[in-house]
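> One structure, as structure tokens, below. Some questions next.
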Amino acid sequence: MLKIEAEREDDGRWIAEVPSLPGVMTYGATEAEAHAKVKALALRVIADRLENGEPLPHEMAGVFEAA
């Protein structure tokens, strides 16, 4: 499981990030919007890492298994 951290900024926007994926951080008008955007971005980053043979976060160890 990848952990999402979120907090409200002084200007009212919400910021969400996935700490185990550096740079995966988004803003939203609501907490739900920030969460949805950060999940989508995290999936894109994970797909890019897989395509380029880069390691996945240790929290994802065992997600895929060869049949």
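> About the Cα centre of the chain, how large is the charge dipole given +1 on each Lys and Arg Cβ and -1 on each Asp and Glu Cβ? Please answer in debye to the nearest 20.
Roughly 160 debye for the chain.
> While we're here: Tell me the per residue accessible area of the chain using a 1.4 Å probe; a whole number in Å² is fine.
In whole numbers, the chain has 73 Å² accessible per residue.
> Taking the chain as the region of interest, what is the percent of Cα-Cα pairs per 5 angstrom bin, listed from the shortest bin to the one with the maximum distance?
Calculated P(r), rounded to whole percents: 3, 18, 25, 21, 14, 9, 6, 3, 1, 0.
> Still on this structure: Share of the chain's accessible area from carbon and sulfur, percent, 1.4 Å?
Of the solvent-accessible surface of the chain, carbon and sulfur hold 54 percent.
> Separate question: Ordered by packing density, taken as the mean number of other Cβ atoms within 10 Å over each peptide's residues, highest first, how do 24-30, 36-42 rank?
My ranking of the peptides, most packed first, is 36-42, 24-30.
> Run the numbers for L43 and E59: contour at 0.36 nm per residue of separation, minus the present Cα-Cα distance, in nm. Don't skip to the answer; put the middle values down first.
Details: separation 16, 0.36 × 16 = 5.76 nm, distance 1.39 nm.
Stretched out fully, the L43 to E59 stretch lengthens by 4.4 nm.
> Provide the gained length on full extension for the span A32 to A66, in nm with one decimal, where the gain is 0.36 nm per separating residue minus the Cα-Cα distance.
Between A32 and A66, full extension yields an extra 8.8 nm.
The values are calculated or read from the model by the stated rules, or taken from the named source; none is laboratory data. Since the structure is predicted, the reported quantities are computational estimates derived from the model, not experimental observations. So basically every Cβ, Gly included, is an ideal-geometry build from the backbone, and we count neighbours across all protein chains shown. Ligands, DNA and RNA are stripped out before the accessible areas are found, and what is left, the full protein with its side chains, is counted by its heavy atoms. Shrake-Rupley method; radii C 1.70, N 1.55, O 1.52, S 1.80 Å.
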